[in-house]
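Taking it in order: structure first as structure tokens, then the write-up.
The values are calculated or read from the model by the stated rules, or taken from the named source; none is laboratory data. Everything numeric here is computed off the predicted structure, so don't read it as measured data. Cβ coordinates were reconstructed from backbone atoms using ideal geometry, including for glycine residues, and neighbour counts include every protein chain displayed.
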Amino acid sequence: MDTRLIGRPMEILLVEDGLMDARATIEALKSGNIKHRLTLVRDGEEAIDFLLQRDRFSKAPRPDLILLDLGLPDSDGQTLSVWLRSEPALAKVPIIVLTAWPEEVARQTVEAYDLDGYLCKPFELAELVQLIDKTLGKHKII
């Protein structure tokens, strides 16, 4: 078992432009008793700045998990997914898609871009916690 999270909270990057959706996700994480620190960014460019530790994110932690909305305002989540999977230092970070797109599109996107799972909005809080546990277990993070 990988013990890199023992003694520290999991770092989660939430890439979400909708404040109500972000709040629901944050509440799900709180209710699931997942020991974590969360950073919210609102678009793909801000996510890339965070992940590359640019500008105001110069001391940003490397995320253990990315929760990604597909319908972002500047560049969609698919574009960000392609970039993430092409970056050697980030390619193995688990990515869970949270989307309002139709389920079939979400499923195809997850398969096409080698992502770790998806939930269609609105989702139940317990569903998110369960998917995160499953994903982290698959990646031997917990």
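The criterion of at least 1 residues that are touching a Lys or Arg at 6+ places or on another chain (Cβ under 8 Å) is met by the following strands (runs of 3 or more DSSP E) wholly inside the range 55-127: 95-99, 117-120.
Within the range 116-126, the set of residues being surrounded by 13 or more Cβ atoms within 10 Å (Cβ to Cβ) and under 21 Å from Gly18 (Cα atoms) comprises Gly117, Tyr118, Leu119, Cys120, Lys121, Phe123, Leu125. Here Val110 meets the list (1) within 21 Å of Met10 (Cα to Cα); (2) surrounded by 15 or more Cβ atoms within 10 Å (Cβ to Cβ) almost entirely, failing just condition (1). Taken over the range 87-142, the residue count meeting the criterion of being at pLDDT below 90 and small (Gly, Ala, Ser) is 2. Screening Arg56, Arg62 for residues that are without any contact (Cβ under 8 Å) to a residue 60 or more places away in the chain and within 14 Å of the chain's Cα centre (by Cα) leaves exactly one candidate, Arg62.
What do you reckon, is Leu80 touching a residue at least 24 places away in the same chain (Cβ under 8 Å), under 12 Å from the mean Cα position of the chain (by Cα) and farther than 16 Å from Met10 by Cβ? Yes: the conditions hold for Leu80. Number of residues in the range 13-54 that are hydrophobic (A, V, I, L, M, F, W, C), more than 21 Å from Tyr118 (Cβ to Cβ) and in a strand (DSSP E or B): the value is 0. Residues in the range 107-132 that are touching a residue at least 24 places away in the same chain (Cβ under 8 Å) and out of contact with any helix residue (DSSP H, G or I) (no Cβ under 9 Å at 6 or more places or on another chain): Leu131 only. Among the residues of this structure, Leu80 counts as one that is modelled with pLDDT of 90 or more, over 17 Å from Thr135 (Cα atoms) and surrounded by 15 or more Cβ atoms within 10 Å (Cβ to Cβ).
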